Ligand SMILES: [Zn+2]
């Protein structure tokens with residue numbers, strides 16, 4: 001009996017699912033038209049025609065966030081006013097039902113037209129920008145859609161001002177739609193397909209028969225198009241070889257030359273921001289891991305966002321699809337989705353020959369240093385950091401280094417340690433590449449992975465001990481162990497420099513250290529950060545304290561960055577600070593700065609097995 005009920009239930013579910021699919025395929029699209037009569041004032045005017053199905057009322061919404069950027073951004077705040085008319089042009093009543101939803105009385109009309117100007121002047125990869133020279137529009141921040149009808153198709157027509165030549169999107173042209181008219185199969189695809197319009201400089205290249213576009217906007221003669229094509233082609237070829245396929249027909253690199261930074265992944269495109277000058281500087285193009293702070297470079301950004309084609313846009317945590325566009329979507333696996341992506345981003349540059357081994361090891365050392373110097377590593381685990389992205393990673397403050405870690409950084413370091421463990425456990429036969437491929441094969445379809453599914457892939461490839469390591473590493477707030485990884489590849493951390501004397505090479509006491517970062521403003525010095533466990537933290541120095549004197553001596557602002565030369569480890573002084581309008585005296589004892597080095601270097605005389613492991617990992621010399 002129970003079996004029969006189950007079977008009947010299953011058949012019913014299948015019938016409903018089949019019906020829903022047919023309904024979605026045959027559903028009339030929502031038709032959006034984008035116009036730019038006020039481009040100079042940073043507006044796109046959107047007109048959207050919604051089929052009503054004869055309902056007396058429709059409810060429409062705008063997303064509050066966009067996938068890939070885990071913060072509620074309240075895109076509806078850029079919508080000035082929503083007006084509605086029926087087919088004959090008669091106004092219809094519009095009211096709000098939530099911060100991001102509108103209710104429209106249809107008066108029985110078969111379709112209603114909504115018109116709404118959207119203000120676009122936030123130059124980031126997850127927001128919109130419009131001016132006289134170009135438009136950059138992200139789906140989540142631009143279109144209204146029908147509540148509960150995410151499977152309905154959308155059609156978008158871009159009406160170009162006469163001074164703009166073209167629009168670019170990964171969306172296919174709508175059948176019979178004319179120029180600049182695109183069709184999105186559903187709302188997810190619409191959100192995932194940014195549109196850039198204007199006069200971009202477009203470069204095309206093919207890898208494995210698939211078309212790739214680099215779309216430089218606004219066009220600039222300063223940007224070296226051919227050089228960027230040659231380098232990006234190598235990245236694409238590297239990942240095609242690693243994954244064994246390119247899972248799309250056409251891919252677009254939107255490269256915004258707008259003196260801003262950042263990147264956002266989409267299924268078949270990425271939105272990148274950089275400087276028009278970036279291809280003219282080795283550091284800005286390739287990156288400089290030895291700079292302070294380290295510079296990632298444009299190629300690292302490209303490599304990271306493009307790796308998302310597989311990791312997160314197809315192989316994804318279960319919570320990240322289907323998306324709830326109106327509230328937070330929680331996952332403990334951003335360390336995989338973002339951290340392992342960061343691990344491969346630079347590794348692929350080394351494997352593709354775009355950077356050398358020393359450069360790669362310096363980048364990895366930078367990630368390890370960032371993690372190990374951050375007191376918050378002993379407070380927040382990788383899984384917790386992932387889960388709380390919405391309230392912590394995207395909302396950093398002065399105490400963030402003390403209270404947490406970045407899932408990008410820790411995930412990158414965990415990727416390295418996991419890769420080493422897999423190689424060691426399998427005698428070099430397998431690597432993290434195999435785990436990623438297996439996970440992709442299983443969880444890139446309709447169903448995403450849970451943390452235990454990812455661990456099971458690691459178990460199948462490399463055994464239970466490796467899976468157990470992942471489970472522990474995801475949750476642990478104690479320090480990671482590097483010994484096994486270093487031993488496998490024949491690496492070591494460089495010995496720390498000798499204790500820094502007050503005046504190097506002379507007979508002076510060891511430099512003092514407070515562990516507080518300061519900023520000079522004219523003659524005044526203000527505290528900007530205090531590291532947990534440092535003398536300043538233990539003494540109770542606070543962010544925003546204005547430091548007036550040490551004892552009864554006024555210290556010139558110019559000497560603060562070199563304070564340790566003048567005050568030595570073991571000395572106790574009174575700091576006089578102004579805090580909330582009152583003078584406060586704070587006794588503090590200088591200590592020696594911790595000098596542990598996290599800089600990786602190859603052993604001077606590695607064993608043959610270690611040499612082979614290094615070659616297998618980084619590619620042949
Ligand atoms: Zn990413």
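Values quoted throughout were computed directly from the atomic coordinates according to the rules given, and no laboratory measurement underlies them. On a predicted model such as this, the values are computed, not experimentally measured, just so you know. Neighbour counts run over all protein chains shown; Cβ positions are idealised from the backbone, glycine included.
Details
- Contour minus Cα-Cα distance for residue 237 and residue 59 (0.36 nm per residue): 59.5 nm
- Computed across the stretch 437-544, the Kirkwood radius stands at 19.4 Å (inverse of mean 1/r, all Cα pairs).
- Anisotropy class of the chain from Cα gyration tensor, a/c 1.5 cut: prolate
- Centre separation in Å (Cα based) which lies between the stretch 399-434 and the stretch 91-115: 50 Å
- Calculated FRET value between residue 101 and residue 538, using beta carbons and R₀ = 41 Å, to 0.05: 0.20
- Gyration tensor (alpha-carbon) shape descriptor, the stretch 301-447, a/c threshold 1.5: oblate
- Based on the Kirkwood approach, the hydrodynamic radius assigned to the stretch 28-199 is 16.1 Å, with every pair of different Cα atoms included.
- Length added when fully stretched, residue 373-residue 453, from 0.36 nm per residue minus Cα-Cα: 25.6 nm
- Distance from the alpha carbon centroid of the stretch 199-227 to that of the stretch 567-621 works out to 42 angstrom.
- Gyration tensor over the Cα atoms of the stretch 200-278: the corresponding equivalent ellipsoid has semi-axes (square roots of 5 times the eigenvalues, largest first) of 22, 13, 11 Å.
- Antiparallel DSSP beta bridges within the stretch 200-278, as percent of all bridges there, nearest 5: 45 percent
- Full extension of the chain segment joining residue 523 with residue 222 gains 104.4 nm, where the gain is 0.36 nm per residue of separation less the Cα-Cα distance.
- Semi-axes of the equivalent ellipsoid for the stretch 516-589, Cα gyration tensor, largest first, Å: 16, 15, 13
- In terms of other Cβ atoms within 10 Å, 391, 340 run from fewest to most in the order 391, 340.
- Cα-based Rg and Dmax for the stretch 354-405, where Dmax is the largest Cα-Cα distance (Å): 13.4, 38
- Per-residue [θ]222 nm for the chain (sum of -39500 (n - 2.57) over DSSP H runs n ≥ 4, rounded to 500): -9000 deg cm²/dmol
- Length-normalised contact order for the stretch 21-86 - Cα pairs under 8 Å, 6+ apart - percent: 19 percent
- Spatial separation of Cα centroids for the stretch 330-345 and the stretch 525-550, in angstrom: 34 Å
- Cα shape, the stretch 246-381, gyration tensor, a/c 1.5 rule: oblate
- Mean sequence separation of contacting Cα pairs (under 8 Å, at least six apart), scaled by the length of the chain, corresponds to a relative contact order of 9 percent.
- Rounded to 5, the percent of DSSP beta bridges in the chain classed as antiparallel: 80 percent
- Computed E for residue 507/residue 123 - FRET, C-beta separation, R0 51 angstrom, nearest 0.05: 0.40
- At R0 = 45 Å, FRET efficiency that the Cβ-Cβ distance of residue 291 and residue 77 yields, to 0.05: 0.75
- Only Cα pairs under 8 Å and 6+ residues apart enter the sum, and on that basis the relative contact order of the stretch 200-278 stands at 30 percent.
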